[in-house]
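As structure tokens, the structure follows; a few thoughts come after it.
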Amino acid sequence: MIKFFRKIRQNLLSENKFSKYLIYAIGEIILVVVGILIALSINNWNESKKMNKEIVSLSKSIINELGDDITAFDRAIILNDSVLNTSAVIFDSISKTKSGNVRKLLFLNSRYWNFRPNNAAYKSSISSGFLPNYDDSLEIKIINYYEKRYTVLKIAALDQTHYARKVSDLLINEFPNYELSDEVYNMRALEIIVKDHVFNTIWVSNFSTGSLQQAMKETKEQAEQLIVSLEQLTE
């Protein structure tokens, strides 16, 4: 009987010991899990911080390029305005058979704007696959600017260049010698301008400049809006 009670006592002690070990093991597991979660949290925080720095850096680069675009647009808009204004004077001269310096007016109509993509930061973000890290709506705005607006602008600029060069060819091949006095040049030039192919070329050139002007103003407006959105990320 005594042996029986001793055995029961040993079993109870063993079960109590096992329970303690079990609790200890569970505690160890919980500590390990908590440690892993903390480590993951810290790692995610570091990655998020690194990502934010990269987004801020890219945003500043794109903002700088957009600012350069706007500066270029402002200069070109002034040039285009002068071309459109001189075209109006030329067409008015035809009906009134008088004008100021037609030679100068025609020369302005032969000027054009060269489109130069200013998109190094954007291209870098595309090649690196970083652009999708932006918010979806902002990513779409950036892509639309550099892919769609740039395409519209490029086509309009090429169109203006094409017809401006045609005007330049007319000046070289059909208009009077530049060495003539303004009065004589005006008189002879106005006789040439009324010819259908000459008038049509100047008119189409004027129209293409107007189309470019509109495209440029719309692109500038979109650039300004995009800068506002990107600046919010750099604050």
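The values are calculated or read from the model by the stated rules, or taken from the named source; none is laboratory data. Bear in mind that the values here come from a model prediction, so they are computed numbers and not experimental data. Quick reminder, even Gly has a Cβ in these numbers, built from the backbone with ideal geometry, and neighbours come from all protein chains shown.
For Lys123, are the conditions met, namely being at pLDDT below 90 and of a type in the set (D, E, K, R)?
So Lys123 fails the test.
For the range 130-138, does any single residue satisfy the condition of being among the charged types (D, E, K, R), closer than 27 Å to Phe73 by Cα and surrounded by fewer than 19 Cβ atoms within 10 Å (Cβ to Cβ)?
no
Of all residues in the range 178-225, which are in contact with a Pro (Cβ under 7 Å, 6 or more places away or on another chain) and either crowded, with 18+ Cβ neighbours inside 10 Å or modelled with pLDDT of 85 or more (or both)?
Tyr185, Ala189 - these are the residues of the range 178-225 that are in contact with a Pro (Cβ under 7 Å, 6 or more places away or on another chain) and either crowded, with 18+ Cβ neighbours inside 10 Å or modelled with pLDDT of 85 or more (or both).
Determine whether Ser57 is in a helix (DSSP H, G or I), in contact with a helix residue (DSSP H, G or I) (Cβ under 6 Å, 6 or more places away or on another chain) and modelled with pLDDT under 95.
no
Could you tell me whether the range 201-218 includes any residue that is out of contact with any strand residue (DSSP E or B) (no Cβ under 8 Å at 6 or more places or on another chain), assigned to a helix (DSSP H, G or I), among the acidic types (Asp, Glu) and free of Cβ contacts under 8 Å to residues at least 60 places away in the same chain?
No - not one qualifying residue is present in the range 201-218.
Per-residue answers, yes or no, for (1) assigned to a loop (DSSP other than H, G, I, E, B); (2) within 30 Å of Glu191 (Cα to Cα); (3) modelled with pLDDT under 75:
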| residue | (1), (2), (3) |
| --- | --- |
| Tyr21 | no, no, yes |
| Leu40 | no, no, yes |
| Asn46 | no, no, yes |
| Thr71 | no, no, no |
| Ala76 | no, no, no |
| Val83 | no, yes, no |
